[in-house]
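The values are calculated or read from the model by the stated rules, or taken from the named source; none is laboratory data. Computed from a predicted model, the values in this text were never measured in an experiment. Here the Cβ positions follow ideal geometry from the backbone for every residue, glycine too, while neighbour counts run over all protein chains shown. Keep in mind that these areas ignore ligands, DNA and RNA; they rest on the heavy atoms of the full protein, side chains included. Shrake-Rupley method; radii C 1.70, N 1.55, O 1.52, S 1.80 Å.
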Amino acid sequence: MFLRLRAHAPSGSEVTRMPTVKPLDPALLCRRCDPDILPFQTTEEIEDLDRIVGQARAVDAVRFGIEMRHGGYNIFALGHPGTGRHALVRQFLEEEAVTMPPPPDWCYVNDFAQPHKPRALSLLPGRGIALRRDMERLVEDLRTAIPGAFETEEYRARKHVIEEEFKERQEKDFGAVEQEAKAQGIAMLRTPVGLAFAPLQDGEILPPDKFEELPEAERKRLEEKVGALKERLQQSLHQMPRMEREAREKVKALNREVTTFAVGHLIEELKRDYADLPEVVRYLEEVQQDVVENSDEFRRPEETPTLMGIPLPAMKPSFARYQVNLLVDHSASKGAPVIDGEYPTYQNLLGRIEHLAQMGALTTDFTLIKAGLLHRANGGYLLLDAQRVLSQPFAWEGLKQALRSGNVQIESLAQALSLVSTVSLEPEPIPLDLKVVLVGPAWIYYLLCQLDPDFNELFKVAADFDDQIPRDGETGTLYLRMIATVARKEKLRPLDRAAAARVIERSARLAGDGEKLSARIQSITDLLRETDHWAGRAGRKVATAEDVQKAIDAQVHRSDRLRERMQEEIRRGTILIDTKGSKTGQVNALSVIDLGQFAFGRPSRITARTRLGTGDVVDIEREVELGGPIHSKGVLILSSYLGGRYATDRPLSLQASLVFEQSYSGVEGDSASCAELYALLSALSETPIRQSLAVTGSVNQHGEVQAIGGVNEKIEGFFDLCQAGGLTGEQGVLMPASNVKHLMLRQEVVDAAAAGRFQIYAVETIDQGIELLTGVPAGERDVAGQFPEGTINQRVEARMIDLSEKRMRYGGAGKPEGEA
């Protein structure tokens, strides 16, 4: 016969043992920094920090990545924002960059053979701007020298000789035909419409009517002579284009000779200046050849085009093709470039080709090619934000393509994607030699490792920045130096010893660990700035701990509207949370709500109901798809724990349900699994749980309580609720013993614990916790394998046996093996 024991009616001395777990010593609730041991009066006395605090692994990785000159050893600096990733990496890059020589200048010049394919020229630093100035000066000199050369008497005389020679040859040919005609009694006439032949009679031209009176034979003879002369004249006329061409070629040759004489010494002077750069010399030779071939353009006067009498914007002069597009200028550089890519779009990364609107059409040339971030950082370092690169269309693919090929190819997205077929510029690719550093969160790094096959080949170095650093003597000293350095750098008031100690404590709280300090330097910098503000409001020249606390309180106050609203709704009874009395199958669990820059603890009521069933523990949150996978895992562990501890030789025959009451959003995490198990044990043993205690912690299959996150916020959340209703001295929180090292509670919580008005218990097992919650011993099996009478475990096991027997009776189980 199953005996159901009530928690309120224990029998025998076996249930009178008091819980063995005592409240934590208040000294363990917050690891303080003693101001009296700090060896200074104010931070003004502390020297500046000359190293990085607590990021040895990341520092080694960055240095290694910078020193490795082989391809693919680009760097990805991963970690939480505010850890100083960007500043640290830039510092190391700049330190290395100043020891390196400046990279070469890069220019684009016209390719006279293929104008749509501008040529890239590499020059020593400073030579690029010199070449551009020299070419500008050359064009100006040519615009003066060439017209002057063609205005000399010598040129005019020589050109006149060529023209007269052509006329003489022309007249000679025509004169021979004319003499031949005259010898045959035919006259060659020059008419407005050309040359013609007419018969002569007595030295006079025979009129048409007289010609018709001639005998037919005579007419026929004269017509044959005229026809023959026409053929002879036609042959001479056929020679005219050839003679004209020869004359023009002679004039062109003369022009080339004159132009060469005019520009030769100018080009030769430039060639001597750039004799050490064969590519530039070859370009100058091509310039000279083009100038000689197109000297007429320098002799043509400039005119302003008009349309219906309205002046139009002047078109670019044709000799703009002799300009130099200085793409990258390192004339003022003291070392290798370190470029921050603030806006890494596709075109900002790889460069672009701009266009001009003229007469309703878009035009471009090599002078409108603009450098990208890769061009500017070539020969040095490029620092990019990974999220920004990945969020810009095609920027990531463009960056990878440039790194893979070792060249920067400037082209529009339309060309890259083959969306247009119009003729455009195709600049010569520029060789790429630089180190790219991406800065981003860890999740982006691991996603790229997993999903992008090119990533691991291109970014072989991971600089992993930790968001926590050890809180020991050496690190603490460096941290104080960092605080002093930031205060001086930001031109803030110095801090006294108590203020510096309070900043150290706040850093540990931000790290969520009494044995660690936060490496999120940005948060500490913000705290120092705000401390300086409140010290100024108070008229102090040195910031005090009061100012630091004021800044902390102000930060919390700006962000805790939702926390206050939830606490208010609990106090008003809208959200049902009990902090007094006892309830069966009901426990106060603690969770954390994270609002980004602010997190707070939220008490929640968990209830459990049990009945006869098939061994299922139903997670109502999971059934309605409000529970996440980790929470569901925690609930399944409860089934395993119950079966393994109380039903090892019989079927698990209960049906249990668990729910977060008044929860209307998702539930995730296993930090409530301890609370859920306590609620189940209370329901099964019918033993009430003290509602003055709240619970946090996860549990494994063996009943061991495991660490959770956000322990400080959870404890403070329940403390605030209890304090609002009045602390009775019976209220407190059960937490995992493995979380004690993480405690950095507010001073008022520590003071309440020291005064005995609020207790915090660190438990290692479920048995310890259930004893605290119920006041009834958990019980351990004796040598016979039985739990002591009246203990929680004995009551639970008795209930499980009763449910199993009922299931066997109601289900027809228990027949001998082999029986139908």
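What's the number of the only condition in (1) outside any helix (DSSP H, G or I); (2) touching a residue at least 24 places away in the same chain (Cβ under 8 Å) that E780 fails to meet? For E780, the failing item is (2). Answer yes or no as to whether L438 is open to solvent by less than 90 Å² (accessible area, probe 1.4 Å) and at pLDDT 95 or above. Taking the combined requirement at face value, the residue satisfies it. If you check A538, A589, which single one turns out to be in contact with a helix residue (DSSP H, G or I) (Cβ under 7 Å, 6 or more places away or on another chain) and open to solvent by less than 20 Å² (accessible area, probe 1.4 Å)? None of the others qualify; the one that does is A589.
The C-beta contact set for segment 540-561 (first residue among the acidic types (D, E), second residue crowded, with 19+ Cβ neighbours inside 10 Å and modelled with pLDDT of 95 or more, distance under 6 angstrom, 6+ apart or interchain) comprises D547/T531; D547/W534; D547/A535.
With respect to the conditions (1) touching a Ser or Thr at 6+ places or on another chain (Cβ under 9 Å); (2) modelled with pLDDT of 95 or more, F76 lacks only one, and its number is (1). If the condition is being part of a loop (DSSP other than H, G, I, E, B), open to solvent by less than 30 Å² (accessible area, probe 1.4 Å), in contact with a Leu (Cβ under 9 Å, 6 or more places away or on another chain) and modelled with pLDDT under 95, then segment 25-56 contributes L38, F40, I46, V53, Q55. Looking at A798, A778, just one residue is more than 15 Å from A589 (Cα to Cα) and surrounded by fewer than 23 Cβ atoms within 10 Å (Cβ to Cβ), and that residue is A798.
Scanning segment 581-606 for residues that are within 13 Å of L681 (Cβ to Cβ) and hydroxyl-bearing (S, T, Y) yields a single hit, T584. Name the residue, out of R502, R481, that is in contact (Cβ under 8 Å) with a residue 40 or more places away in the chain, more than 30 Å from G379 (Cα to Cα) and touching a Leu at 6+ places or on another chain (Cβ under 8 Å). Matching residue, one of R502, R481: R481.
Looking at L517, L527, L510, L480, just one residue is at pLDDT 95 or above and within 25 Å of L29 (Cα to Cα), and that residue is L527. Every condition in (1) free of Cβ contacts under 8 Å to residues at least 40 places away in the same chain; (2) surrounded by 14 or more Cβ atoms within 10 Å (Cβ to Cβ); (3) out of contact with any helix residue (DSSP H, G or I) (no Cβ under 6 Å at 6 or more places or on another chain) holds for A519 except the one numbered (1).
Scanning segment 342-354 for residues that are out of contact with any helix residue (DSSP H, G or I) (no Cβ under 7 Å at 6 or more places or on another chain) and closer than 23 Å to Y322 by Cα turns up just one, R352. So for segment 274-282 (the condition being assigned to a helix (DSSP H, G or I), at pLDDT 90 or above and among the β-branched types (V, I, T)), does at least one residue qualify? Yes; the residues of segment 274-282 include at least one that is assigned to a helix (DSSP H, G or I), at pLDDT 90 or above and among the β-branched types (V, I, T). The condition (being more than 37 Å from the chain's Cα centre (by Cα) and either in a helix (DSSP H, G or I) or at pLDDT below 90 (or both)) is satisfied by just one residue among I577, I570: I570.
Within segment 316-347, the only residue that satisfies the criterion of being among the aliphatic types (A, V, I, L, M) and open to solvent by 60 Å² or more (accessible area, probe 1.4 Å) is A332. Which residue out of A462, A498 is open to solvent by 20 Å² or more (accessible area, probe 1.4 Å), part of a strand (DSSP E or B) and touching a helix residue (DSSP H, G or I) at 6+ places or on another chain (Cβ under 9 Å)? So the residue among A462, A498 that is open to solvent by 20 Å² or more (accessible area, probe 1.4 Å), part of a strand (DSSP E or B) and touching a helix residue (DSSP H, G or I) at 6+ places or on another chain (Cβ under 9 Å) is A462. Has segment 58-75 got at least one residue that is within 20 Å of the chain's Cα centre (by Cα) and basic (K, R)? No.
Here Q392 meets each of (1) within 25 Å of A97 (Cα to Cα); (2) surrounded by 16 or more Cβ atoms within 10 Å (Cβ to Cβ) with one exception, condition (1).
Are any residues in segment 494-518 farther than 18 Å from E47 by Cβ and either out of contact with any Ser or Thr (no Cβ under 7 Å at 6 or more places or on another chain) or among the charged types (D, E, K, R) (or both), and if so, which ones? Correct list: A501, R502, E505, R506, A508, R509, G512, D513, G514, E515, K516. In segment 97-199, counting only strands (runs of 3 or more DSSP E) that sit wholly within it, the ones holding 2 or more residues that are at pLDDT below 90 span 186-191.
Can you spot a residue in segment 638-655 that is touching a Ser or Thr at 6+ places or on another chain (Cβ under 7 Å) and modelled with pLDDT of 90 or more? No, the conditions are met nowhere in segment 638-655. How many of the residues making up segment 348-369 are assigned to a loop (DSSP other than H, G, I, E, B), under 26 Å from P393 (Cα atoms) and either free of Cβ contacts under 8 Å to residues at least 12 places away in the same chain or open to solvent by 70 Å² or more (accessible area, probe 1.4 Å) (or both)? Going through segment 348-369 one residue at a time, the tally reaches 1.
Just to be sure, is T791 hydroxyl-bearing (S, T, Y) and either open to solvent by 20 Å² or more (accessible area, probe 1.4 Å) or without any contact (Cβ under 8 Å) to a residue 40 or more places away in the chain (or both)? No.
Here S405 meets the list (1) surrounded by 14 or more Cβ atoms within 10 Å (Cβ to Cβ); (2) free of Cβ contacts under 8 Å to residues at least 60 places away in the same chain; (3) over 16 Å from the mean Cα position of the chain (by Cα); (4) closer than 20 Å to Y73 by Cα almost entirely, failing just condition (1). Remark: pairs (first residue in segment 794-805, closer than 17 Å to G644 by Cβ and acidic (D, E); second residue open to solvent by 10 Å² or more (accessible area, probe 1.4 Å) and outside any helix (DSSP H, G or I); Cβ separation under 7 Å; 6+ apart in sequence or on different chains) = E797/F787.
Have a look at L384, L403, L438 and point out the one that is in contact with a strand residue (DSSP E or B) (Cβ under 9 Å, 6 or more places away or on another chain) and assigned to a helix (DSSP H, G or I).
Testing whether each residue is in contact with a strand residue (DSSP E or B) (Cβ under 9 Å, 6 or more places away or on another chain) and assigned to a helix (DSSP H, G or I) leaves just L403.
When L277, L254 are checked against the criterion of being of a type in the set (A, V, I, L, M, F, W, C) and open to solvent by 20 Å² or more (accessible area, probe 1.4 Å), L277 stands alone in meeting it.
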